[in-house]
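Here's the structure, in structure tokens; my notes come after.
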Protein chains: 2
Amino acid sequence: METAPEPLIDQPLYLEVGIHIGTKVKTPGMKRFIYKVREDSLYLLDLNTIDRRIRLAAKLLARYDPKDIVVTASRIYSVAAAAKFAEITGSRIMTGRVMPGIFTNPNRKDFVEPELILISDNRNERQAVKEANKTDIPIIALCDTDNWIKFVDLVIPCNNKGRRSLALIYFLLAREFMKEKGLIKTNEEFQYKVSDFEAKMEAKAR
Amino acid sequence: METAPEPLIDQPLYLEVGIHIGTKVKTPGMKRFIYKVREDSLYLLDLNTIDRRIRLAAKLLARYDPKDIVVTASRIYSVAAAAKFAEITGSRIMTGRVMPGIFTNPNRKDFVEPELILISDNRNERQAVKEANKTDIPIIALCDTDNWIKFVDLVIPCNNKGRRSLALIYFLLAREFMKEKGLIKTNEEFQYKVSDFEAKMEAKAR
């Protein structure tokens, strides 16, 4: 009878990439997203909320012109995943250092005025968060159990450190974005695989 | 040099209606929005965040068709303010009891499928929050220092109990909504006063 939405992906697939596996640190703001603490002291995030927030974020992102969206990433795994998301959706990516005034000082050469920012890890991308907070740019951020969320507007609770977790998150965000935009109709029409969002491993690392 | 936005209204006007004055109770989730505790033990909310979040909420609301927005209110002061907001913006208002399944069960006579929900007080409107949480409807909520925010997606920290505070919040949300929609160009073109959003007092109460 109920039309409550299906999860974006089967639960075992979420669990397999460890999307819910946090860290041993819990910030006060992230407490509400934590389901339990595992025997090895890792905090685990609530899977329903992860799924719901990815969907909400994608719906929200899809209400913007992709040119007005900036995605930030600063570590190998997130850069690979976020870059693929940016490529597919047509949004902008910032992977380097964000300079003071970049969103607020029109005299800067690199001045941009995004309408929405998606942050991969607000500890590493602190400056982007700080700059966006001086403006009225909404901040969506992937947040692990150890992230401080004071300046985040919409939290996507998740493992924002693992290679496969990040790949899956950005895969889902991209796929849902395309569906919400009406650019594809079904999941099957989405021509990318989760592995396309994964950082390529060096041969010797295999 | 910087284009950081002006506050929506002069700071003294915010302070005058007590938009920042919370309660003597502080929930863990609201901690991040609290600026300090006053001598009489009332927690005070950070004014910059209040201002920023009202702006963000209005911008977000304006990305939706007003017909797809539901505003909920359950107490005299919030009902008056929210009803005026709904009237001006063309969104729907729910002031009574929200029934289980209202957003999820298409067989119900009163079934509605909003795209976005704006909650005046999630303690009194718990059922609406609960129902929305079963769906992928984003939940924006006015939250005082004593509100639990577990199921809220975007928090507008504020005094959500005072008559004048509620009137000002919904006045600003409505005005900014109209500007964002391009229906008015300037604040001056907004033909309503804050007092239009205030619950009418009985004569004997004067």
Hand me the GluC sites (Glu not before Pro) from region B:142-206 located in a DSSP loop with no more than 10 other Cβ atoms within 10 Å, in residue order please. B:GLU202
Could you tell me, in Å, what Rg and Dmax come out for the Cα atoms of region B:86-199? 15.1, 45
Pairwise burial B:A, computed as accessible area of each alone minus the pair, summed, 1.4 Å, Å²: 3200
Taking R0 as 30 Å, what FRET efficiency do you get between A:LYS193 and A:VAL25 from their Cβ-Cβ distance, rounded to the nearest 0.05? 0.40
Where region A:16-168 is the region considered: accessible area per residue in Å², 1.4 Å probe: 40
Base-10 log of normalised Debye intensity for region A:1-113 (one unit scatterer per alpha-carbon) at q = 0.09, 0.16 Å⁻¹: -0.36, -1.00
Grab the eigenvalues of the alpha-carbon gyration tensor for region B:151-206, scale each by 5, take roots, and send me the semi-axes largest first in whole angstrom. 24, 19, 7
Given unit charges at Cβ for Lys, Arg (+) and Asp, Glu (-), the dipole magnitude of region B:20-167 about its Cα centre in debye, nearest 20, is 340
Computed over all unlike Cα pairs, the Kirkwood hydrodynamic radius of region A:5-45 in Å stands at 11.2
On a 20 Å Cα-Cα criterion, which of the cross-link pairs B:LYS109/B:LYS150; B:LYS84/B:LYS161; A:LYS59/B:LYS59; A:LYS26/A:LYS150 come out too long? B:LYS109/B:LYS150
Protein-protein interface of region B:152-174, residues with accessible area decrease of at least 40 Å², isolated chain reference, 1.4 Å probe: B:ASP153
Hey, what's the Kirkwood Rh for region A:86-140 if you take every pair of different alpha carbons, in angstrom? 11.6
So what does log10 I(q)/I(0) come out to for the protein assembly as shown at q = 0.09, 0.11, 0.13, 0.14 Å⁻¹, using the Debye formula with one equal point on every Cα and no solvent? -0.55, -0.83, -1.17, -1.36
Mind putting a number on the dipole of the protein assembly as shown about its Cα centre? Charges go on the C-beta only, +1 for Lys and Arg and -1 for Asp and Glu, and I need it in Debye to the nearest 20. 780
Percent antiparallel among DSSP beta bridges (both partners in the protein assembly as shown, rounded to 5): 20
By average C-beta atoms within 10 angstrom, highest first, the peptides B:127-140, A:139-152, A:7-20: A:139-152, B:127-140, A:7-20
Of the peptides B:39-47, A:104-112, how do they stack up when ordered by the mean number of other Cβ atoms within 10 Å, highest first? B:39-47, A:104-112
Can you tell me the FRET efficiency between B:LYS181 and A:VAL112 if r is taken as the Cβ-Cβ distance and R0 is 25 Å, rounded to the nearest 0.05? 0.55
Among beta bridges that DSSP assigns inside chain B, antiparallel share in %, nearest 5: 20
Can you tell me the mean projection area, over all orientations, of the convex hull of chain B's alpha carbons? Units nm², please. 13.2
Rounded percent of accessible protein surface that carbon and sulfur make up, chain B, 1.4 Å probe: 50
Percent antiparallel among DSSP beta bridges confined to region B:63-146, rounded to 5, stands at 0
Going toward the positive end of the dipole of the protein assembly as shown, with +1 on Lys and Arg Cβ and -1 on Asp and Glu Cβ, which of B:PRO157, B:GLY22, A:ASN105 do you reach last? B:GLY22
With +1 on the Cβ of every Lys and Arg and -1 on the Cβ of every Asp and Glu, the dipole magnitude of region B:37-103 about its Cα centre, in debye rounded to the nearest 20, is 220
With a 10 Å radius around each residue's Cβ, average the other Cβ atoms per peptide and rank B:69-82, B:22-35, highest first. B:69-82, B:22-35
Residue farthest toward the positive end of the dipole of chain B, with Cβ of Lys/Arg at +1 and Asp/Glu at -1: which of B:ASN147, B:ALA57, B:PHE197? B:ASN147
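The values are calculated or read from the model by the stated rules, or taken from the named source; none is laboratory data. On a predicted model such as this, the values are computed, not experimentally measured, just so you know. Quick reminder, even Gly has a Cβ in these numbers, built from the backbone with ideal geometry, and neighbours come from all protein chains shown. The area values use the complete protein model at the heavy-atom level, side chains included, leaving out ligands, DNA and RNA. Shrake-Rupley method; radii C 1.70, N 1.55, O 1.52, S 1.80 Å.
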